[in-house]
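For reference, the structure is listed below as structure tokens.
The values are calculated or read from the model by the stated rules, or taken from the named source; none is laboratory data. Computed from a prediction, not measured in an experiment: that's the story for all the values here. Heads up, the Cβs are rebuilt from the backbone with ideal geometry, glycines too, and the neighbour counts pull from every protein chain shown.
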Amino acid sequence: MPAFVLYLALHHAGLTLETDGHMLTVTPSDLLNNELRVGIRQYKPALIELLQSAHHTTGRLLDWIVDLDPHTTAATAIRFRTASLALDQQAPAPANNLLDKAGEEQE
């Protein structure tokens, strides 16, 4: 089972995944069954990388939305950017982020 399929199974089971880049937290733990626990142990590094990549991608997309929306005030843009930078410090992007690669190809 690929990590993304496991992530979807966890999500459909009502579980939430969080990471600080090293640890993986799955809540609420009482919804976990043995099959999901085994999958989490097997794919923990891939799940952490998936979460970090998704976080970084979301931050980049929010930046683009703010830049593209002509009705966004400067104060709102600053708040979005500040929040995005704060989140990036908590969970740095993996080296193989797809948006970064896409940007490199276009340059």
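The table for this structure:
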{"read-out": "Meets criteria (over 28 Å from residue 2 (Cα atoms), surrounded by 12 or more Cβ atoms within 10 Å (Cβ to Cβ) and either at pLDDT below 85 or in contact with a Ser or Thr (Cβ under 9 Å, 6 or more places away or on another chain) (or both)) for residue 60", "value": "no"}
{"read-out": "Residue match in the range 77-93 (condition: at pLDDT 90 or above and among the β-branched types (Val, Ile, Thr))", "value": "no"}
{"read-out": "Residue among 71, 22, 55, 11 that alone is buried (at least 16 other Cβ atoms within 10 Å of the Cβ) and either part of a strand (DSSP E or B) or at pLDDT below 90 (or both)", "value": "55"}
{"read-out": "Flag for residue 17 being at pLDDT 80 or above and outside any helix (DSSP H, G or I)", "value": "yes"}
